[in-house]
1. For the stretch 31-51: of the residues being out of contact with any strand residue (DSSP E or B) (no Cβ under 6 Å at 6 or more places or on another chain) and under 16 Å from PRO109 (Cβ atoms), which is farthest from the ligand (Cβ to nearest atom)?
2. Out of everything in the stretch 206-226 that is in contact (Cβ under 8 Å) with a residue 12 or more places away in the chain and small (Gly, Ala, Ser), what residue ends up being nearest to ARG159 (Cα to Cα)?
3. Return the total of residues in the stretch 122-154 being in a helix (DSSP H, G or I) and buried (at least 18 other Cβ atoms within 10 Å of the Cβ).
4. Taking the stretch 84-93 on its own, how many of its residues are of a type outside the set (D, E, K, R) and in a loop (DSSP other than H, G, I, E, B)?
5. I'm trying to understand the selection: among the residues of the stretch 155-180, which are outside any helix (DSSP H, G or I) and either more than 11 Å from the ligand (Cβ to nearest atom) or under 15 Å from ALA128 (Cβ atoms) (or both)?
6. Name the single residue that is farthest from VAL59 (Cα to Cα) among those in the stretch 172-212 being in contact with a strand residue (DSSP E or B) (Cβ under 7 Å, 6 or more places away or on another chain) and among the basic types (Lys, Arg).
7. When you scan the stretch 10-69, how many residues do you find that are crowded, with 18+ Cβ neighbours inside 10 Å and part of a strand (DSSP E or B)?
8. Being more than 16 Å from the ligand (Cβ to nearest atom), assigned to a helix (DSSP H, G or I) and surrounded by 12 or more Cβ atoms within 10 Å (Cβ to Cβ) is the filter here, so list the residues in the stretch 94-121 that pass it.
Amino acid sequence: MLDTPRNETAYADGKILKAITEGVGVVTFNNPDKRNAMSLEMWEGLGQALTALRDDPDVRVVVLVGAGDKAFVSGADISQFEKTRHNAAASEEYSKKSDAQRALLANYPKPTIACIRGFCLGGGMQVAMLTDIRIAAEDSQFGIPAAKLGIAYGYDGLRNLVSLVGPSWARLIMYTGMRIPSAEALRIGLVDRVLPNDELWEATMEIARTISGNAPLAIKAAKITIAQVLKDPAGRDMAAIKQIGLECMDSEDFREGRRAFMEKRKPKFQGK
Ligand code: COA
């Protein structure tokens, strides 16, 4: 079990938890008996937790993690499929309910980190790929078993997969439904760092704390600009990049950063 913070707020009947520690928001997928499979209620709860952390000025970075040591998220809850996703029309309705939460994560204004231990499959991969950074434990396994279930994975999920691992690995993963271990996930660019199981949480929090101590506007500028780089040239919002660049250079924090360097002390950033 990861030593996640205890000051939690519960959503989706406790299957999604939200906590805040040292400027870091933590969202926990908390249905370990089902390997943290995502029900529609959990998607809604995820949206509520993310919204609350987005709107909390004390939170500068958000970490997503699975409860227990067996899974990050093992995908959508397949036991709901017979009722909610049994054909094209039902599937459209189902997607509408989870799309909004995925869009929230895709356009999240603060940095996000997936802390992955155990199975990260299907919808779990979708969530992990929507975060900015993926840190995994050595015993994690990754896969998108859509072809084993007979479902399509959708444009956004595949766009993220292709942009991380390239089209050829994306095809291998999708056509076979295979599971790949952390070492291979690291090699192909699906995750950014792999750590021994018992070091995962502290190492992820260390990265989160580092981000949370840095200048929020500079991080926002990087986040906005990298998101625009990934868009088709015609859809890029160059004005937004220019705007956040100007905001940074005019900010209190830039003044503080310069001063702190000259005075050989740690800067204290306020995000303005
Ligand atoms: N949806 C619903 N229930 C799930 C689930 C999912 N995605 N993943 C796991 N579970 C449930 C299992 O049905 C089982 O329930 P039970 O205890 O009532 O029998 C429980 O979680 C534990 O799973 P189990 O298969 O016994 O554990 P495991 O450690 O041997 O294997 C997985 C774990 C994740 C590899 C395996 O459960 C699995 O392949 N799940 C489906 C993954 C998938 O296809 N995801 C994509 C969905 S779009």
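The values are calculated or read from the model by the stated rules, or taken from the named source; none is laboratory data. Because the structure is predicted, anything quoted here is derived from the model rather than measured. Cβ coordinates were reconstructed from backbone atoms using ideal geometry, including for glycine residues, and neighbour counts include every protein chain displayed.
1. Checking each candidate, the answer is THR51.
2. Filtering the stretch 206-226 for residues that are in contact (Cβ under 8 Å) with a residue 12 or more places away in the chain and small (Gly, Ala, Ser), the one nearest to ARG159 (Cα to Cα) comes out as ALA221.
3. The number of residues fulfilling the criteria is 9.
4. Qualifying residue count, the stretch 84-93: 2.
5. The answer is MET178, ARG179, ILE180.
6. Within the stretch 172-212, the match that is farthest from VAL59 (Cα to Cα) is ARG179.
7. Of the residues in that region, 19 qualify.
8. Listed by number, the residues that qualify are ALA100, ALA103, LEU104, LEU105, ALA106.
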